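Asker: So that we are looking at the same thing, I have put the structure below in structure tokens.
Quick note: the coordinates plus some simple rules give every number you see, no bench work behind them. Worth saying up front: this structure is predicted, and the values here are computed from it rather than measured. Cβ coordinates were reconstructed from backbone atoms using ideal geometry, including for glycine residues, and neighbour counts include every protein chain displayed.
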């Protein structure tokens, strides 16, 4: 008996929505196995990571607080990924955005007024946007690969953070600790639910998801992004500028990452510290893919990843499971998603070798590429069925 | 005195260049076969922690090296299965591999943080390796000589060997290579495995030679620099050698300025240098006269599914 992969006539919508769920389920199973092999109680670990944060209403606020930056960054990235623009440096844009906002905060620390926080947020957005403008400029002007430049700039941003914390921006009354002074009440994000940690960034993230959804599905700009990603030649033919799309997507994702950065600094952190970089910018890549590059999917995926963060902390205190396991776990989720992704374009069929009478269904038209833009196109999948021995 | 300083500078330079050269050589072969594996950083970290763990427990650094290569290759097989067999997106899968490698290495490495191992021994007799002048030629880790041998080997393999020509043909036109009977997927699997083993070796250099001590994220983004180096070298092994030593020089500048107590430039700015240099170099190579610009293998990053 063999398992055989057959191209689908059209990308399966059921699978498009089903595979992320399948990926999470497979990650859970693999997690139980791996943690057991490592000598932990696998079931208990998975319970702590995936169930406990949801079962305990007291942790819900943490989920929203963790999900907000992930969703905000991932929304921006997804726009780019759809257009085949690979901004991998969201972490750097997130840091620089937070730094720009912090700069405003430090310049206004003895002032009062409702204008201060908006000014910080504007600086944050601008900071992230400008940091992303560097790869955009290099890509459009000199055709330099944006993956490498945006990533290199992340390492530069981290060093910039260290420098500012150790040097010019260190709290003069902070006993020499390399961190800024605490933000004042005019400089911190208000909470939206009394008595919780849920800050303004949470509703903003959800609002942005809806806004991006509308822009992508209902406007010419959204159409342009999708066409440039799916069919670059058709896009050129249709008069859409590839350069313009690079600028648009990189600046948008930079602005979103910068916004998430200043929200994080003015919200949960309320100051800048060298520990600010916690790789939300990289985890957001997983969120974007797990959410199928769809704004509403990203909201769900952001919540799932937030669960794994909060659950990772749970497992650390309850079982002594190292925090690093969380990162590995999140990457596994992406691995499994990419693996089961093939079910969107192909169907698995059990083939009994003796059955030679079955008609050859080789006359399928080309299976349409999944609408996600996550696939480098030009695959000659109009070929006949493929077999995979199992 | 000045000779001594010069020799120490050269030796730091070679040391800094070697791990990225090893990893980049592997990636070059992978990319020549038409596959873009962005998981270099992750595979290097997995190699680094494996080399350290095996050396720490068995006391044998050579065993550590072999294990690092095996671990790098094993990690690369996850990538290969996803991208080659299941035609997953190569960019996304490579990124996932890097995130996975960061997590896995710090998970395995948590028991080793701060521990030290005795690194690799010299292959030349002490009389040569410890000689104040002679050490500039004979005093390196065996991995340095291996990286040079591998550069020559990869250059020979790609241009002179039959297998190398097949590999390049597959990278330039998978369809054509397939139609005359070469197994595109099998060759790519082998190339990716080689790339993984070399990345593992490059990672091992960090944990066994450069700092024989384990620390989280030991490679600090050097895997990405190695990736950039392949572009910089226009996919040519000998140019890769030059590029790696150029980057070695930039990183040496950072180390020596720190050691010399130069305070005019804050250390964080010196630490930015390799990354800024990468951006500058990538830009320069893109403005360079055409011919170089289109040096990338034609099928780089594109998935392939064979006809039945």
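Asker: Arrange the peptides B:130-138, A:86-94 so that the one whose residues have, on average, the most other Cβ atoms within 10 Å appears first.
Answerer: A:86-94, B:130-138
Asker: Shifting gears a bit: Given 20 Å bins starting at zero, what is the percent of C-alpha pairs of chain B in each, up to the one with the largest pair distance?
Answerer: 33, 57, 9, 0
Asker: Order of B:163-176, A:273-286 by packing, highest average Cβ count within 10 Å first?
Answerer: So the order, starting with the most tightly packed, is A:273-286, B:163-176.
Asker: Same structure, new question: Let me make sure I get this right: for segment A:13-343, a, b and c are the square roots of the gyration tensor eigenvalues over alpha carbons, sorted descending. Under 1.5 in a/c it's rounded, otherwise prolate if a/b > b/c, else oblate. Which is it?
Answerer: Cα axes put segment A:13-343 in the oblate bin.
Asker: Evaluate peptide B:79-92: per residue, the Cβ atoms of other protein chains within 10 Å of its Cβ; return the mean as an integer.
Answerer: For this peptide, the per-residue mean of nearby foreign Cβ atoms is 6.
Asker: Mind ordering A:206-215, A:130-139, B:218-227, B:191-200 by average Cβ neighbours within 10 Å, highest first?
Answerer: B:191-200, B:218-227, A:130-139, A:206-215
Asker: Can you tell which of A:170, A:345, A:218 shows the greatest fluctuation in a Gaussian network model of chain A with Cα springs below 10 Å?
Answerer: A:218
Asker: To continue, here is another question. Roughly how crowded by other chains is peptide A:224-236, in terms of the mean Cβ count from those chains within 10 Å of each of its Cβ atoms?
Answerer: Mean partner-chain Cβ count within 10 Å for A:224-236: 0.
Asker: Ignore the peptide's own chain and count Cβ atoms of other chains within 10 Å of each Cβ in B:263-274; give me the average, rounded.
Answerer: 4
Asker: Using Cα-only point scatterers and the Debye equation, what is log10 of I(q)/I(0) for the protein assembly as shown at each q in 0.07 Å⁻¹, rounded to two decimals?
Answerer: -0.47
Asker: Can you give the calculated 222 nm mean residue ellipticity of the protein assembly as shown, where each DSSP H run of n ≥ 4 adds -39,500 (n - 2.57) and the sum is split over every residue, rounded to the nearest 500 deg cm²/dmol?
Answerer: -21500 deg cm²/dmol
Asker: Related question: Averaged over all directions, how much area does the convex hull of the C-alpha atoms of segment A:113-238 cover when projected, in nm²?
Answerer: Hull-based average projected area comes out at 11.9 nm².
Asker: If you don't mind, another one. Just report the Cα centroid separation between segment B:155-206 and segment B:101-142, whole Å.
Answerer: Segment B:155-206 and segment B:101-142 have Cα centres spaced 29 Å from each other.
Asker: Given q = 0.18, 0.23, 0.25 Å⁻¹, what are the Debye log10 I(q)/I(0) values for segment A:1-71, with equal point scatterers placed on the Cα positions and solvent ignored?
Answerer: Debye curve over Cα of segment A:1-71, log10 I(q)/I(0) at q = 0.18, 0.23, 0.25 Å⁻¹: -0.92, -1.06, -1.10.
Asker: Something else now. Take the alpha-carbon centre of segment B:1-26, take the same for segment A:317-343, and report the distance between them in whole Å.
Answerer: 37 Å
Asker: Continuing with the same structure: What nm value, rounded to one decimal, do you get for the distance between residue A:191 and residue B:60 when each label is placed 7 Å out toward the C-beta?
Answerer: Spacing of the two 7 Å Cα→Cβ label points: 5.9 nm.
Asker: When Rg is the radius of gyration of the Cα atoms in segment B:143-276 and Rh is its Kirkwood radius, what does Rg/Rh come to?
Answerer: For segment B:143-276, the value is 1.07.
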